[in-house]
Every structure is written in structure tokens, then in C-alpha cells.
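Take a look at the structure below.
The values are calculated or read from the model by the stated rules, or taken from the named source; none is laboratory data. Because the structure is a prediction, the values reported are computed rather than measured. Glycine gets a Cβ as well: all are built from the backbone with ideal geometry, and neighbour counts include every protein chain shown.
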Amino acid sequence: MTRTILICLLFFCQQDFLLAQTTGFGSDSLQGVQVEVFKSKLEWKASPIAIAALNSKELQTYSPVSLVPVLNQLPGIRMEERSPGSYRLSIRGSLLRSPFGVRYVKVYWNQIPLSDATGNAYLNLVELADLGGITILKGPSASVYGAGTGGVALLASPKTFTDKQVDQFNLGLTIGAYGMIHQTAGWQHQETKFFSLLQQSHLKSDGYREQSSMEKKHLKYNAALQLGKHQLELLSFYTDLFYQTPGGITLAQMQSNPKLSRQATATLPSAITQNASISNKTVFAGLSDQWLISNRSNITAFISVNNTQFENPFITNYEFRNETNSSAGLQWQWNSPNGNLTWTNGGEWLYNHSRIENYGNRKGQVDTLQYKDDINAKQWTLFSQLLWRMQQKWQLQLGLSLNNQMVNFKRLTTIPIVETPKTTNPILAPRLGLSYKISNEITAYAIASFGFSPPSLAEIRPSDGKFYEDLVAENGWNKEIGFKGFLYNNKLQFDIAYYHFQLSQAIVKRNNAAGAEYFVNAGSTTQQGIEASIKYLIRDHVPKRKWTLNLFSSVAFQPYRFDNYQQGNNLYNGNPLTGVPGHTWVSGFEWECFKRLYINASVNAVAPIPLTDANDAKAEAYQLVQVKAGYKKEFLRWQLHFFAGIDNLLNQSYSLGNDINAAGGRFYNPAAERNAYLGFNLQLR
């Protein structure tokens with residue numbers, strides 16, 4: 001048995017063309033894992049879906065303050081942090097169009113959209129301690145979730161009901177290198193028909209580089225109430241986030257001093273002089289209702305509203321944004337008497353109103369008014385989906401949605417004021433998923449899905465102040481086949497898939513000489529790859545030892561290419577896609593003894609990354625090692641958890657977030673060298 005396992009591990013680790021999907025471990029077996037996706041609860045093994053998931057325990061595998069280490073272990077997922085607090089997320093794609101934030105990936109929290117009507121989502125507003133799980137759908141999922149060519153990220157907060165009243169208090173503190181301090185406190189109340197959770201956190205860091213300090217204050221309250229056949233849920237939070245933006249530096253500057261921020265040039269001041277930074281103050285509230293009409297029918301509805309006050313001193317200007325967003329959705333689901341047929345119908349509506357003001361930036365202070373704009377955006381989706389389970393072996397999933405986005409732009413500093421409308425014609429987005437149960441343990445599946453993603457607000461009206469009304473939605477078909485399931489008495493979980501995504505009108509980022517970004521449609525790209533993973537659960541059955549060992553390994557092969565892309569006289573057809581590593585490999589283990597002492601470790605190896613469309617500059621390959629150890633002790637009504645960890649154990653020199661196609665060769669945002677953290681969590685029940 002052991003020899004077979006080692007052979008399997010070596011096989012997967014040595015291939016250059018494999019990538020993985022992972023789900024949570026059970027206590028003794030990997031069987032029975034369920035996921036809630038496409039508006040239904042499905043068994044992971046049998047579902048015709050390309051999916052990756054993390055449970056609450058896996059989210060805490062490494063640093064308690066950042067999603068980056070755990071999400072980067074998922075195959076096909078790449079999360080970057082150019083400086084503390086500045087996140088970017090990619091699902092089976094590239095970061096061609098994301099200088100910051102999340103743009104072509106749809107994000108939901110407890111089934112309520114965090115993405116706005118223009119496709120942008122502030123993922124950095126979420127606190128890791130708020131989450132009980134993350135499920136990621138890979139590839140276009142517009143058949144139900146609307147706009148997005150990359151996929152969907154479904155965030156979930158824990159909620160449980162108990163037979164008797166339970167109150168739980170928690171307090172946590174983590175300290176680390178570069179002045180990092182993270183404090184959390186919370187109160188959770190549970191009873192038969194009511195649940196509530198109040199969570200507070202405060203994170204502060206000086207940062208590794210110049211001009212890279214950050215501070216995040218966060219307060220969240222969510223609750224669930226059962227009233228007859230209704231379950232009402234409230235999700236609300238307030239985040240006050242501030243982080244400095246050191247900016248990209250050249251290769252020579254990084255090799256000389258990686259802690260440097262963006263330096264002054266003959267025509268432009270430095271990041272320090274301009275106090276380059278971002279302030280984001282957001283308040284959010286969402287309410288949902290699940291109405292169980294009968295055992296065969298239910299209705300789900302939600303509404304939400306949020307406001308963001310955004311302030312951004314940049315190298316070339318000083319920007320203020322006041323964004324107000326709202327959303328609403330309704331879904332009806334019917335199940336056949338025998339449970340073999342599930343039919344889901346519904347719709348979603350998103351609205352965004354933004355007031356944007358740009359001023360000159362005089363050494364970090366507001367100067368003369370440049371532009372004042374008023375923008376309204378609306379996006380709606382109508383969808384229908386059928387799930388048919390046939391003969392205990394087949395599952396057929398058919399979905400179709402109709403989608404539309406409308407944007408209205410007014411420049412208030414131009415007289416007379418002229419309204420410029422921009423409308424995306426209604427788009428039909430179909431999806432077909434088919435799975436076949438080869439045996440009780442192994443399933444084969446195939447997918448064909450269409451996706452689209454209109455340009456976001458920050459792309460049609462980027463930092464150069466212009467309105468790009470000719471920028472159109474990118475779109476394309478994804479086709480995929482795969483196998484997933486279990487071997488060796490359900491101790492070994494595996495997932496292997498091949499996908500081919502043909503993207504048209506790809507949106508890519510450009511930088512002008514001043515460093516301000518703008519966006520263009522870049523013809524077509526081919527984004528194809530092979531994904532595979534294994535995860536093996538070893539358990540010692542000797543009563544006096546009681547330890548478990550989880551081994552995992554995944555590899556990604558992503559030979560993405562430009563198909564039809566010309567910039568001026570330069571033809572880039574056939575070039576590897578900018579910002580995408582050709583392959584990545586992740587392996588590691590999780591060891592636990594007596595459910596008290598544990599050690600987690602992993603290595604994430606990333607291939608060189610092209611930094612320009614011409615491929616004349618590349619970021620070097622790197623190997624990132626993460627380690628965390630901890631000890632848990634229960635006494636009376638208390639549970640104490642001590643932990644410590646090391647990031648970048650090999651002390652690699654790398655950039656976790658490159659500025660692609662950057663002017664002046666300022667591509668690099670160096671990440672921290674070897675650093676450590678330690679902390680504790682205390683719970684009282």
C-alpha cells in the first residue's frame with residue numbers, strides 16, 4: 001500500500017501538465033463531501049462541475065490574517081497581494097485586466113452578491129475570521145451567476161442551530177514581522193431557531209517595503225432566524241481599510257534594495273512624495289429569506305445595499321469615489337416526487353451609482369479639480385436550470401441565462417453636460433454539464449459553458465480620466481472533461497481535468513507614460529490546461545497514539561496563448577499570455593496528534609511569468625514554503641489555541657503581484673523575505 005501511494009505522489013509531482021481541485025477532509029474518510037453550487041446541494045464526487053472548496057479548518061491552515069496562502073494552494077487559483085491589503089484574484093485565467101481588486105470573477109457572500117453592477121468586488125473588505133468556507137467554481141458560470149469569464153467565488157459564514165441555548169465568546173491575538181498585529185473578538189449565540197454572530201477585528205502592519213503600511217478595522221454581524229417555513233438571514237459589516245501603495249520598481253532597483261517604493265523620475269514624483277495610498281470605508285447590509293413551500297418546492301429571495309467612500313492619492317492625481325450599490329434576487333426551485341429532477345428559475349438585479357472626482361495631487365494634498373463624473377450602471381440576469389438524475393449513474397445539468405448591462409456616463413465639469421450611454425446587448429449564456437458514475441467511487445464529467453464579462457467601472461473610466469465607451473465585453477466558450485473520485489478504501493481523493501477556453505475581445509491593461517492605466521480589447525486568446533490533484537488521508541489506529549496525516553499534491557499546466565493580438569506594428573500572435581505562469585506545483589502535509597498538536601507545511605513552486613505582451617521581460621521562478629504549528633488545550637469551558645508560523649521559509653526573492661506592461665520597466669512589487677508570526681485564540685462556552 002505505502003509503495004503504491006508513494007508512486008502516485010511522485011507521478012503527480014513530476015508532471016508539468018497537471019492541476020488540482022480539492023475539498024475538505026472528513027474525520028476518517030473523504031467520502032460524502034457536499035457542495036452548495038448552482039443553487040443546489042450536490043455531492044462533490046457526482047457533480048458535473050469543476051470546483052474547489054475550503055472548509056473552516058482549511059481556511060486556518062496558515063496565516064490567520066490573509067486568504068493568500070490557502071487560496072494559492074487551490075489549482076487554477078492565483079491570488080496576489082502587491083502590498084498588504086491590495087488583493088487580486090484569478091480563477092483559471094490571467095490578471096491582464098486587474099491592476100487591483102476582483103473584476104472578471106463573480107463574488108457572493110452567503111448567496112448575496114459582493115460584486116457590483118460593473119463587475120468589481122472588494123474582496124479585501126472581508127475578514128478571514130468571518131468565513132466558515134469558500135467554494136470556487138472554475139470557468140464561466142453565467143448560466144446562473146451572470147457576468148464573469150473566470151468563475152465564481154462563494155463565501156460562506158458559519159450558522160448552526162442547537163437544541164439548547166449556547167453562548168460562545170472568543171478572543172484572539174497574532175503578532176508578526178514588520179509590526180504586524182491582529183486582534184479579534186467575537187460573541188456567538190445559538191439556540192433552536194435563532195443564531196447570531198458578532199465579530200470584531202483590527203489589523204495593523206508597517207509593511208515590508210517603504211510606503212506599504214496598512215490598517216483595517218472590521219465589524220460584522222450576521223444572524224439567522226427560523227419562522228415557520230421561513231429562514232431569514234441578515235449579513236452586515238463595516239470595514240475601514242487603509243493601505244499605502246508603494247508601486248512597482250525596476251529589476252535593478254529590486255536587486256539593489258527590494259524595500260524601495262516607486263522612485264521619482266525626471267517628470268514624475270515618487271510614491272512617498274505623493275502619499276500613494278487607498279482608503280476604503282464600506283458599510284454593507286443584506287437580507288435573505290428561504291421559504292420552504294413544501295417538501296418539493298421553495299423560494300429564495302434577497303436584497304442588499306452598501307456604500308463605499310473611496311479615496312486614492314495616486315502619482316498623477318487625487319481621486320474620490322462615492323459608490324452606492326444595491327441588489328435584489330428571486331429564485332424558485334421545484335423537485336420531482338422521486339427527487340430525480342430539480343428545476344430552478346430566477347433572476348438577479350444589480351445597481352451602481354458612482355460620483356467620481358479627480359483632482360491634482362500636490363505632494364499628497366488635494367489640488368485643482370480635473371474631472372467630476374456621475375455614473376449609473378445596471379445589470380440584470382434571468383436564468384433557468386434543470387438538473388436531471390438518471391438511472392443512478394447519470395447527471396445532466398442544463399442552464400441558460402439572459403443578461404444585460406447598461407451604463408450612463410456624465411462629465412459634470414464639461415459644459416454643456418452630455419450623457420454618454422453604454423449598453424451591452426442582451427447576451428444568452430448557456431451551460432451543459434454531464435456526469436457518469438463509472439463506479440461507486442469514480443465519476444467522469446464533461447462541461448460546455450459560455451461566459452462573458454463587460455468592462456468594469458475602473459476599466460471604462462480608469463485612472464487616466466477618460467471614458468472608454470468603445471470597450472466591449474469579453475466572451476468565450478469553455479469546454480472541459482474530467483475524472484474525480486476516491487481510491488484505496490476512500491482514503492485517496494483525486495481530480496483530473498482538461499479544459500479549453502477560447503476567449504474573444506480579451507480586455508488587457510495598458511499604462512501610459514505617467515503610469516496611469518487604461519484598457520483595450522486585445523483580440524482573442526486560448527486558455528487551456530490540464531488539472532489534477534491527489535489528497536491522501538492516513539490514520540493511525542493504535543489507540544495510544546491517535547494521529548492523522550494528510551498528504552496532498554497538485555500541479556498546473558497553463559500554456560495560454562494570444563491568438564489574434566496586434567498592438568501598433570507589433571504582432572503578438574502565439575505569445576504566452578502576460579501575467580500567467582506556465583505551470584505551478586503545490587505539495588504539502590497536515591499532521592495532527594490527539595486533536596491537539598498539529599504541524600502544517602507546503603511548498604508552492606511557480607514557473608517564470610511573462611511581464612509584457614512581447615515577452616521581453618519575465619519574473620523569475622520561485623518556491624514559496626509555508627509552515628505552521630499549533631497546540632490546542634481544553635479545560636472546563638475554555639479552549640486555548642497557541643500557534644506559530646513561518647512564511648517564505650527559503651527566503652526567496654519574488655514578487656507576489658507584478659505590474660504587467662508597466663511603463664519604465666516598473667514591473668516588480670517585491671514580497672517580504674523570511675518572516676514569522678505567533679498568536680493565540682481563546683474560546684469560552
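Mind counting the residues in the range 420-433 that are surrounded by fewer than 17 Cβ atoms within 10 Å (Cβ to Cβ) and touching a Phe, Trp or Tyr at 6+ places or on another chain (Cβ under 7 Å)?
Looking only at that region, the number is 2.
Please go through the range 427-464 and give me each residue that is of a type in the set (Ser, Thr, Tyr) and within 21 Å of Asn404 (Cα to Cα), ordered by number.
Result: Ser449, Ser453, Ser456.
Filter the range 576-602 down to the residues that are crowded, with 17+ Cβ neighbours inside 10 Å and assigned to a loop (DSSP other than H, G, I, E, B) and list them by number.
Just the residues of the range 576-602 that are crowded, with 17+ Cβ neighbours inside 10 Å, to begin with: 576-588, 590, 592, 598, 600-602.
Correct list: Leu577, Thr578, Gly579, Val580, Pro581, Gly582.
Taking the range 346-362 on its own, how many of its residues are out of contact with any Lys or Arg (no Cβ under 9 Å at 6 or more places or on another chain) and surrounded by 20 or more Cβ atoms within 10 Å (Cβ to Cβ)?
Counting residues in the range 346-362 that are out of contact with any Lys or Arg (no Cβ under 9 Å at 6 or more places or on another chain) and surrounded by 20 or more Cβ atoms within 10 Å (Cβ to Cβ) gives 2.
Report yes if some residue within the range 311-329 is exposed (fewer than 15 other Cβ atoms within 10 Å of the Cβ) and either part of a loop (DSSP other than H, G, I, E, B) or in contact with a Pro (Cβ under 7 Å, 6 or more places away or on another chain) (or both); otherwise report no.
No, every residue in the range 311-329 fails to be exposed (fewer than 15 other Cβ atoms within 10 Å of the Cβ) and either part of a loop (DSSP other than H, G, I, E, B) or in contact with a Pro (Cβ under 7 Å, 6 or more places away or on another chain) (or both).
Can you confirm whether the range 126-133 contains a residue that is under 12 Å from the mean Cα position of the chain (by Cα) and either hydroxyl-bearing (Ser, Thr, Tyr) or crowded, with 24+ Cβ neighbours inside 10 Å (or both)?
Among the residues of the range 126-133, not one is under 12 Å from the mean Cα position of the chain (by Cα) and either hydroxyl-bearing (Ser, Thr, Tyr) or crowded, with 24+ Cβ neighbours inside 10 Å (or both), which makes the answer no.
Tell me, please, whether a residue that is under 30 Å from Ile315 (Cβ atoms), out of contact with any Asp or Glu (no Cβ under 6 Å at 6 or more places or on another chain), part of a strand (DSSP E or B) and acidic (Asp, Glu) can be found in the range 348-356.
For the range 348-356, residues under 30 Å from Ile315 (Cβ atoms), out of contact with any Asp or Glu (no Cβ under 6 Å at 6 or more places or on another chain), part of a strand (DSSP E or B) and acidic (Asp, Glu): absent.
Suppose the filter is basic (Lys, Arg) and under 28 Å from the mean Cα position of the chain (by Cα); does Lys259 pass it?
Answer is yes for this residue.
Is it the case, given these coordinates, that Lys57 is in a loop (DSSP other than H, G, I, E, B), farther than 28 Å from Ile249 by Cβ and either in contact with an Asp or Glu (Cβ under 6 Å, 6 or more places away or on another chain) or at pLDDT 75 or above (or both)?
Here the answer is no, as Lys57 does not meet what is asked.
Which of the following residues is under 25 Å from Phe310 (Cβ atoms), outside any strand (DSSP E or B) and modelled with pLDDT of 95 or more: Ser212, Ser236?
Answer to the check: Ser212.
Return yes when Ala614 is surrounded by 18 or more Cβ atoms within 10 Å (Cβ to Cβ) and under 30 Å from Phe519 (Cβ atoms) and no when it is not.
Here the answer is no, as Ala614 does not meet what is asked.
Please determine, by comparing only the residues of the range 515-542 that are charged (D, E, K, R) and modelled with pLDDT of 85 or more, which one is surrounded by the most Cβ atoms within 10 Å (Cβ to Cβ).
Selected residue: Glu531.
Kindly check whether there is at least one residue in the range 619-628 that is farther than 21 Å from Pro670 by Cα and out of contact with any helix residue (DSSP H, G or I) (no Cβ under 8 Å at 6 or more places or on another chain).
Yes - at least one qualifying residue is present in the range 619-628.
What are the pairs with Cβ atoms under 7 angstrom where one residue, in the range 411-425, is within 13 Å of Leu471 (Cα to Cα) and the other, located anywhere, is at pLDDT below 90 and surrounded by 10 or more Cβ atoms within 10 Å (Cβ to Cβ)? Sequence gap at least six, or different chains.
Pairs that qualify, where the first residue is within 13 Å of Leu471 (Cα to Cα) and the partner is at pLDDT below 90 and surrounded by 10 or more Cβ atoms within 10 Å (Cβ to Cβ), are Lys422/Ile460; Lys422/Glu469; Thr424/Pro454; Thr424/Ala473.
Could you tell me how many of the residues in the range 600-649 are in contact (Cβ under 8 Å) with a residue 60 or more places away in the chain, among the polar types (S, T, N, Q) and more than 28 Å from Ser94 (Cα to Cα)?
The qualifying residues number 1.
Go through (1) at negative phi; (2) surrounded by fewer than 21 Cβ atoms within 10 Å (Cβ to Cβ); (3) touching a Lys or Arg at 6+ places or on another chain (Cβ under 9 Å); (4) touching a residue at least 40 places away in the same chain (Cβ under 8 Å) one by one and return the number of the condition Gly339 breaks.
(1)
I need the full set of residues from the range 220-244 which are closer than 15 Å to Leu128 by Cβ and hydrophobic (A, V, I, L, M, F, W, C), in order please.
Across the range 220-244, the qualifying residues are Phe237, Leu241.
Could you tell me which of the residues Lys159, Lys164, Lys259 is of a type in the set (Lys, Arg), within 30 Å of Ser294 (Cα to Cα) and either buried (at least 17 other Cβ atoms within 10 Å of the Cβ) or modelled with pLDDT of 95 or more (or both)?
Of Lys159, Lys164, Lys259, the one residue that is of a type in the set (Lys, Arg), within 30 Å of Ser294 (Cα to Cα) and either buried (at least 17 other Cβ atoms within 10 Å of the Cβ) or modelled with pLDDT of 95 or more (or both) is Lys159.
Any idea which of Ile315, Ile249, Ile293, Ile303 is in contact with a Phe, Trp or Tyr (Cβ under 6 Å, 6 or more places away or on another chain), hydrophobic (A, V, I, L, M, F, W, C) and over 16 Å from His353 (Cα atoms)? Talk me through it step by step, then tell me what you get.
Numbers: Ile315 fails: in contact with a Phe, Trp or Tyr (Cβ under 6 Å, 6 or more places away or on another chain); Ile293 fails: in contact with a Phe, Trp or Tyr (Cβ under 6 Å, 6 or more places away or on another chain); Ile303 fails: in contact with a Phe, Trp or Tyr (Cβ under 6 Å, 6 or more places away or on another chain).
Exactly one of Ile315, Ile249, Ile293, Ile303 is in contact with a Phe, Trp or Tyr (Cβ under 6 Å, 6 or more places away or on another chain), hydrophobic (A, V, I, L, M, F, W, C) and over 16 Å from His353 (Cα atoms), namely Ile249.
Of the residues Ala252, Ala271, which is of a type in the set (A, V, I, L, M) and assigned to a helix (DSSP H, G or I)?
Sole residue among the options that is of a type in the set (A, V, I, L, M) and assigned to a helix (DSSP H, G or I): Ala252.
Pairs under 6 Å by beta carbon, first residue under 30 Å from Pro113 (Cβ atoms) and in contact (Cβ under 8 Å) with a residue 24 or more places away in the chain in the range 351-372, partner part of a strand (DSSP E or B) and polar (S, T, N, Q), six or more apart or different chains?
Pairs found: Tyr351/Ser326; Asn352/Asn325; His353/Thr324; His353/Asn376; Arg355/Asn322; Asn358/Gln370; Tyr371/Asn358.
Select from the range 75-118 the residues that are modelled with pLDDT of 85 or more, among the polar types (S, T, N, Q) and farther than 21 Å from Ala53 by Cβ and list them in ascending order.
Ser83, Ser86, Thr118
Would you please list the contacts, defined by Cβ atoms under 7 Å and residues six or more apart or on different chains, that run from a residue in the range 259-273 that is without any contact (Cβ under 8 Å) to a residue 60 or more places away in the chain to a residue that is assigned to a loop (DSSP other than H, G, I, E, B) and of a type in the set (A, V, I, L, M, F, W, C)?
Ser261/Ala271; Ser261/Ile272; Ser270/Ala264
Can you name the residue in the range 486-511 that is outside any strand (DSSP E or B) and out of contact with any Phe, Trp or Tyr (no Cβ under 7 Å at 6 or more places or on another chain) and is also surrounded by the fewest Cβ atoms within 10 Å (Cβ to Cβ) among such residues?
Asn489
For the range 104-118: of the residues being part of a loop (DSSP other than H, G, I, E, B) and touching a strand residue (DSSP E or B) at 6+ places or on another chain (Cβ under 6 Å), which is surrounded by the most Cβ atoms within 10 Å (Cβ to Cβ)?
Restricting attention to the range 104-118, the residues satisfying the condition of being part of a loop (DSSP other than H, G, I, E, B) are 104, 110-111, 114-118.
Those still in the list that are touching a strand residue (DSSP E or B) at 6+ places or on another chain (Cβ under 6 Å) too: 104, 110, 114-118.
Working: Tyr104: 33, Asn110: 19, Leu114: 25, Ser115: 28, Asp116: 25, Ala117: 27, Thr118: 26.
Applying the filter and picking the extreme gives Tyr104.
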